[in-house]
Structures are given as structure tokens and as C-alpha cells.
Amino acid sequence: MGSANIDEAKLEAFMGQAVTDMGAVISAPLMVIGEKLGLYRAMAGAGPLTSEELAERSGVAERSVREWLRNQAAGGYVAYDANSDRYTLPDEHALALADEESPFYILGVYDSIASLYADEDKILEAFRSGGGMGWHEHDHRLFRGTERFFRPGYKANLVAEWIPALDGVEEKLQRGAKVADVGCGHGASTVIMAEAFPNSQFYGFDYHDASIDRAREAASEAGVSDRVQFATASAKDYPGEGYDLVCVFDCLHDMGDPVGASAHVRETLADDGTWMIVEPFAGDSVQENLNPVGRVFYGASTVICTPASLAQEVGLALGAQAGEARLSEVLKEGGFTRVRRATETPFNLVLEAKP
């Protein structure tokens, strides 16, 4: 390439972006360290702190904390005052970094990111072969990280916004309904619903045995085992019938045969039942998704979601950015006649499907 063909301003802008991304990548393990050692929690609400004060509050080595703080300040995650040589975690940032119950909490996803580096060889082979990589084949941190990434959004929106947006479903749940949560993972969504609607019965299904074991523990810890049952089953063969509500949370696109899963949901749903499909937010065209949220979801889709689908029968590989139009096609192929967007968030599409 000749230098005469290079737009120097364009090159400089790209290099700036690339260096920013390098900083984000190298900071990712420091985010994990900050969470596991309680550094963010120790800073939350504490005002300006020196590295010595933070080290004392968190019980870790000062020299390491000093370097960690400088990285966090360079990234804008904490504020630095040069005159006092002190660091502050702004209250707004603390909502995302120090409070695991906050709907803005983000650190859970870093477990999932860490798992992908451990899975590098398997992912490379999946790329080469086209045969995919099953969800169960991933490093164990993916499962916990996925739950912790999605749970804050579910806790903030599921009962308060999503269920009320469905036609007549909230009233059924209050009276007492039969609910299936398909692809429930660690059961976060199932437990949240069971806590809110004590008159209803909930059945969580997932093909991953270890996730079902963890879901049972979560239900017991939350005190809802009397109205929640978990079992190992796939989306195409989970048991039961006459469900008033069937839910799938951020997993339809992971399925090898989402059309077959849709048909099974249709068979197990009551005549006046509702299917709630929660999926990652996406537009219907690629260009609509070329933004920061789309970048995150396309990344996850490349190394987790699409390989998971390809590893199963049919292997439709919808991907995490399928969009409402493509998802609606799948639901209608499975036998649903009415599909509408019930509501949305910056991270999720919530569709309602009726027979």
C-alpha cells in the first residue's frame, strides 16, 4: 500500500479507537479483580480516598491498589484529584459497579468474557469446522456470568414492565396460573416471577443439568420452592400442557430448531395462553445494529449463541441480533398467528405470541 492512498486523518482516528479498545480489553480482568476483592464496594459512598486508605478498607496490598486505581482513573471509571492524590467513585458509577442489586450493575458479564478466553481453542475449532459449540461445552464461568448479566434487567423490568405489557397475563398470575420458563438457566427469571406471584405455579426447564441444579438452589434460597419446580428438558420436549404463560428469556436464538420449539410451545399452551419471548434488542437490518449495544450482542452471538445453535439439530443459527421481523417469522412457522411487540428496553425486545 502506497502512502499516497492513505487518509492520515482517517488512520489517526482509527488508531485512536483501537487504542481505546486495547485499554478496555486489558482493563477487563481488572474489573473482575475490583469486584472480587471488593474494591468498588469499598469506594462506594466513601468519598475521596488515597490508595493507602482503599487498601486498608479492602484488606489488600497498597502497591497493587495504587496501580489499579490509576488504570480506573485513566478509563474514567473513578475520578482523580491531583492536588490531594485521592480517588473517588462517583455515586452514578457505583450503581453500575458496586451494587449487585442495581438494575445498572454490569460486572456480572465479565465472568462470561473471562470464560471465552478459556474456551479459545474450542471456539477456533468451531469456526474451522462449522459444527458449532454446545452451551454445555463452555467454561463454567459462562453460566454464572450470563445469569449475573441478565438478572439486574429481569429484576428491574420483568414484573414491573414486561408482564403488565402482556394482554391479561398479570391478572391471571395474580389469581393463580401455570407458567413454564423454558431455557431457564440458573432460574433467575423463574424465581423473580415466583416471588411476585405466590398464587401461581412455575416450572423451569433447561437442557443443562448443572444449571438446573443451581436453579433449584436459587429457589430454595429465595423461599419459593413450594411453587417452583425445575427439570432437565429441552425446548422441544419439556413436559406438561395447559400452560397459561410460557416464557423464553434471551435463549430462542440459541436453539438449533426454534421453529420446532415454537411448535412445542403451541402444543403445551392453553387455548387462551400467552407466549412471552424476550430477546436481545435488535433492528431488522444490519445497519440498524451497528452501534455499541449491537457490537456487544454481535460479539456474544459470534462466540456463544451462533455456535450453540449450530451444534444442535437443524442449526438455524438465528444469532442474537435476529430482529423482530425474523423472530416473528419463526413464531408463525411454529403455529402462532398473532405476534406483536409488547414492549422494549435498550437491551431487550419483548414479543407476545398468541395461538
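Quick check on segment 250-267. Is at least one of its residues touching a Pro at 6+ places or on another chain (Cβ under 9 Å), surrounded by 20 or more Cβ atoms within 10 Å (Cβ to Cβ) and assigned to a helix (DSSP H, G or I)?
Initially, segment 250-267 is screened for residues touching a Pro at 6+ places or on another chain (Cβ under 9 Å), giving 250, 252-253, 266.
From what's left, surrounded by 20 or more Cβ atoms within 10 Å (Cβ to Cβ): 250, 252-253.
Remaining after also requiring assigned to a helix (DSSP H, G or I): 252-253.
Scanning segment 250-267, I find at least one residue that is touching a Pro at 6+ places or on another chain (Cβ under 9 Å), surrounded by 20 or more Cβ atoms within 10 Å (Cβ to Cβ) and assigned to a helix (DSSP H, G or I), so the answer is yes.
Can you report the number of residues in segment 43-60 which are open to solvent by 10 Å² or more (accessible area, probe 1.4 Å) and under 17 Å from Ala96 (Cβ atoms)?
The qualifying residues number 3.
So that you can scan it fast, the table gives a plain yes or no per residue for (1) open to solvent by less than 70 Å² (accessible area, probe 1.4 Å); (2) in contact with a strand residue (DSSP E or B) (Cβ under 6 Å, 6 or more places away or on another chain):
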| position | (1), (2) |
| --- | --- |
| Ala13 | yes, no |
| Gly16 | yes, no |
| Met22 | no, no |
| Leu37 | no, no |
| Arg41 | no, no |
| Glu62 | yes, no |
| Arg70 | no, no |
| Thr88 | yes, yes |
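So which residues in segment 36-51 are assigned to a helix (DSSP H, G or I) and within 17 Å of Arg70 (Cβ to Cβ), if there are any at all?
Pass one, segment 36-51, residues assigned to a helix (DSSP H, G or I): 36, 39-43, 51.
Scanning segment 36-51 gives Leu39, Tyr40, Ala42, Met43, Ser51.
Starting from segment 20-35, keep only residues that are more than 11 Å from Trp68 (Cβ to Cβ) and part of a helix (DSSP H, G or I), then list their pairs with residues that are open to solvent by 70 Å² or more (accessible area, probe 1.4 Å) and at pLDDT 95 or above whose Cβ atoms are within a distance under 8 Å, requiring at least 6 positions of separation or different chains.
Gly23/Ala74
Just checking, how many residues over segment 213-229 are open to solvent by less than 20 Å² (accessible area, probe 1.4 Å) and either β-branched (Val, Ile, Thr) or not in a helix (DSSP H, G or I) (or both)?
Count: 2.
Could you run through segment 130-168 and say how many residues are farther than 26 Å from Ala311 by Cα and hydroxyl-bearing (Ser, Thr, Tyr)?
Going through segment 130-168 one residue at a time, the tally reaches 1.
Which condition number in (1) farther than 17 Å from Lys155 by Cβ; (2) out of contact with any Cys (no Cβ under 7 Å at 6 or more places or on another chain); (3) among the aromatic types (Phe, Trp, Tyr) is the one that Phe197 fails?
(1)
Would you pick out the residues in segment 90-113 that are assigned to a loop (DSSP other than H, G, I, E, B) and surrounded by 18 or more Cβ atoms within 10 Å (Cβ to Cβ)?
Within segment 90-113, Ala98, Tyr105, Leu107, Gly108 meet the criteria.
Please work out which residue is nearest to the chain's Cα centre (by Cα), limiting yourself to segment 114-164 and to residues that are open to solvent by less than 40 Å² (accessible area, probe 1.4 Å) and among the hydroxyl-bearing types (Ser, Thr, Tyr).
Thr146
Condition first: part of a loop (DSSP other than H, G, I, E, B) and either touching a Ser or Thr at 6+ places or on another chain (Cβ under 6 Å) or in contact (Cβ under 8 Å) with a residue 60 or more places away in the chain (or both). Now tell me which residues in segment 169-205 satisfy that.
Gly176, Ala177, Gly183, Cys184, Gly185, His186
The values are calculated or read from the model by the stated rules, or taken from the named source; none is laboratory data. If you're wondering where the values come from, they're calculated on a predicted model, not measured in any experiment. Glycine also receives a Cβ, built like all others from the backbone with ideal geometry; neighbour counts cover every protein chain displayed. Heavy atoms of the whole protein, side chains included, go into the accessibility calculation; ligands, DNA and RNA do not. Shrake-Rupley method; radii C 1.70, N 1.55, O 1.52, S 1.80 Å.
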